[in-house]
1. May I ask you to report, in nm to one decimal and beginning with the shortest, the distances from residue B:94 to the same position in the other copies, taking label points 7 Å along Cα-to-Cβ?
2. Have a look at the stretch B:1-26 and report residues whose accessible surface goes down by 30 Å² or more when the remaining protein chains are included, against the chain on its own, probe 1.4 Å, ligands and DNA/RNA excluded.
3. When the accessible area of the stretch A:4-288 is split by element with a 1.4 Å probe, what percent falls to carbon and sulfur?
4. How much accessible surface does residue B:263 have with a 1.4 Å probe, in Å² rounded to 10?
5. In the protein assembly as shown, if the dipole is taken from +1 on Lys/Arg beta carbons and -1 on Asp/Glu beta carbons about the Cα centre, which of A:216, B:275, A:48 is farthest to the positive end?
6. Once whole DSSP H runs in chain A are found, which of them have Cα atoms spread over 24 Å or more along the helix axis and a mean Kyte-Doolittle score of at least -1.0?
7. Okay, helix-only estimate at 222 nm for the protein assembly as shown: each DSSP H run of n ≥ 4 adds -39500 (n - 2.57), divide by all residues, round to 500 deg cm²/dmol; what do you get?
8. Could you state the accessible area per residue of the stretch B:4-288 in Å², with a 1.4 Å probe and every protein chain left in place?
Protein chains: 2
Amino acid sequence: MRVAAVETELRRILDARPLSGEIARPERLMAAMRHGVLNGGKRLRPFLVVESAALFSADGQAALRVAAALECVHCYSLIHDDLPSMDDDDLRRGQPTVHKAFDEATAILAGDALLTLAFDIIADEATLLPAERRATLVLALARAAGAGGMVGGQMLDLEAERKRPDEAGIITLQAMKTGALIRFACEAGAIVAGAPPADRERLAEFGSAIGLAFQLADDLLDLTADAVQMGKATNKDAAAGKATLASLHGPDWARGQLHGLIEQAHALLDPYGEAAELLKQAATFVATRSN
Amino acid sequence: MRVAAVETELRRILDARPLSGEIARPERLMAAMRHGVLNGGKRLRPFLVVESAALFSADGQAALRVAAALECVHCYSLIHDDLPSMDDDDLRRGQPTVHKAFDEATAILAGDALLTLAFDIIADEATLLPAERRATLVLALARAAGAGGMVGGQMLDLEAERKRPDEAGIITLQAMKTGALIRFACEAGAIVAGAPPADRERLAEFGSAIGLAFQLADDLLDLTADAVQMGKATNKDAAAGKATLASLHGPDWARGQLHGLIEQAHALLDPYGEAAELLKQAATFVATRSN
């Protein structure tokens, strides 16, 4: 599968010697970054970048680099999210979180460095794209990841613990916290390929549908699955007093919504025929996964 | 002074409504970001960007935007540096630090958002530069701020508390922690202007000299000034067991070095004649300031 190459690329980037313009790479910091990234993640976002780009026969190496950059952003957000003052998690994928394996200060810096590295990777000429596309990708990623996207969503999530948001509030929170990066992943494929604006918009819409389905499936699992199936504590959201759309409207409503989102996602890719088969399967998988 | 416009630009950027690609801007997060940025900072780095760009008659608006972006990076680094698990500072410029005025999680997110915003500002077409220059600036800033630059320097600084570095170690630490961003500030002016590589290198060298002088002057003040003059506790480095070049070689050696650095910085700007007068004054000021 194409996404296996992302793993190799991430390792290569994090193992590299200092690049032009860098002075030294402190080993403890690099080790913490590797710990946070090379941890057996599912690589959903890189998969979406690489497969979306392939839809338009984009340069594979460029897509790989952008996919790696996006995964750095995703992993930085998990490292900071796990910190004691945030979600305070000791384990991720069965391994100690970065602040547990190292310390809190190192975890903050490792996250900061990974976010910075993401923009480094995209802007570098080694991402074999015209400067115009590299700048467009930097901007789109910054908007998806920043105060008006992922980080803003994390802020809303923190506030939701104090004041339960209404349905519109939950939708905004989720579109920002998890939706924005997944939307970017699909849109990025079209940007890498230099696809026309209409295709870029279509892929972004596809990404939004997947993002919604991803979150809804997660909430549904939290509501219905037993702990054995999930490999982690369930009903965690309810226990934390967090409202989700699934808890608000119940599991039947959620399953109906998921069905609709799959249909919508598939319809968006119909114009691309056979070439979109893997992406369509991904949409179905995301919406129906059982763990 | 040209740099006053940076203040206005920073306020405008942080007060703006959500931009294209953003969903919403949570008010608490934006307030924390404003608290960390609009705090009466000296704006040394923006000054260096704007004046270096002016040396080559660069577009003023573009220089202003890059200056604002760089200040966002500087301020994010201070917000994260002040956190309990890092330097644990309650006050900055006489005001509560961001985690004191808000809370720790909000401070982490505000820093993350400011770092992301910096790349947003530079990559945006509103920074009236060809895409090639925007991509070059993103890359140079990422290298100066990331694991091989500022963040790496903060990591070395943390490690220096456990194991005292030797002279070479101190030089590397300082070149990364404070030097890299100041070097970038001066280099950025030349990039904004599209100046030839030789000028870009010359301005970067000037930035390195200023960065060294800035740190050495700071260490010298810590060693010799009394608390009244500094408006803060002095001999803080020695008390913390931190070795500096000034403490290693003594104040006379430090003054001699500073004199040499001023001469070197001025000589680097000689080719630009009268136009470089303000930058030369800045070099002298940085090396001889008494608080």
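The values are calculated or read from the model by the stated rules, or taken from the named source; none is laboratory data. What you see is a predicted model, and the numbers here were worked out from it, not measured in a lab. Please note: Cβ atoms are built from the backbone with ideal geometry, for glycine as well, and neighbour counts cover all protein chains shown. Ligands, DNA and RNA are stripped out before the accessible areas are found, and what is left, the full protein with its side chains, is counted by its heavy atoms. Shrake-Rupley method; radii C 1.70, N 1.55, O 1.52, S 1.80 Å.
1. Label-point separations across copies, in nm and ascending: 5.7.
2. Output list: B:22, B:23, B:24, B:26.
3. Here it works out to 52 percent.
4. 110
5. About the Cα centre, the residue reaching furthest to the positive side is B:275.
6. Numbers: long enough: A:60-81 (31 Å, 0.65); A:104-123 (29 Å, 1.50); A:197-224 (40 Å, 0.16); A:251-269 (27 Å, -0.16).
Answer set is A:60-81, A:104-123, A:197-224, A:251-269.
7. On the way: 32 runs with 406 residues, N = 582.
So the helix-based figure for the protein assembly as shown works out to -22000 deg cm²/dmol.
8. Details: 10880 Å² over 285 residues.
Spelled out: the 1.4 Å probe surface of the stretch B:4-288, per residue, equals 38 Å².
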